[in-house]
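The values are calculated or read from the model by the stated rules, or taken from the named source; none is laboratory data. Since this is a predicted model, take the numbers as computed values, not measurements. Neighbour counts run over all protein chains shown; Cβ positions are idealised from the backbone, glycine included.
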């Protein structure tokens, strides 16, 4: 099942966020609550499959276009390998065989391209909703030029991350990605978070009483912290 944030569903349905929430209260759509930014630290996600068929088709067409655009960023060899993995996953799902039987049969017919059960399961997890781009092997180098975090995106992430709510890097990255879709992977943010001085981390994420913060922490935080957007932290 594919789950959409309220804003995504609103865009697809050409409705306002409040209209979507009213429809949810009337049980018009299937929904769930997940951890995130919202009242009580949770937010609502809506099942794509509970939306009208024409809306589902619209979403799927957009995803296919995004996948095509994403794939074109990679080399021909990377695309060829990803399509090969996708074909293996599709054939396995159609074969109605156990993983062991399918792999044994595949390897006997393709001795130069043997696969393992762990590879098959990993490819199956990555190949969600027919997203071939998820099967691209980026080890060793495709991310050249894709690891730089735009300043605006970093400031947005920073404001989410550097609070006493102690949101995880992954959650902050997911919400940043909704505002800045072209940002690099979460690992790029994990690396940059490691460059934040410890006194700044203490100041914004660990110190419940600012009056108890040591003077050196105050001074270091003032010198090195990223400027926050005015009022941003009080509105999320």
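Points worth noting:
- Test result for residue 78, modelled with pLDDT under 85, surrounded by 11 or more Cβ atoms within 10 Å (Cβ to Cβ) and either touching a strand residue (DSSP E or B) at 6+ places or on another chain (Cβ under 7 Å) or under 26 Å from residue 132 (Cα atoms) (or both): yes
- Residue check for residue 91: part of a helix (DSSP H, G or I), under 28 Å from the mean Cα position of the chain (by Cα), surrounded by 11 or more Cβ atoms within 10 Å (Cβ to Cβ) and at negative phi: yes
- Qualifying position, being in contact with a helix residue (DSSP H, G or I) (Cβ under 9 Å, 6 or more places away or on another chain) and modelled with pLDDT of 85 or more, among 47, 19: 19
- Hits in the range 175-207 - residues which are crowded, with 16+ Cβ neighbours inside 10 Å, touching a residue at least 24 places away in the same chain (Cβ under 8 Å) and under 11 Å from the mean Cα position of the chain (by Cα): 175, 183, 184
- Residues of the range 1-20 that turn out to be over 19 Å from the mean Cα position of the chain (by Cα), surrounded by fewer than 15 Cβ atoms within 10 Å (Cβ to Cβ) and closer than 25 Å to residue 160 by Cβ, as a count: 3
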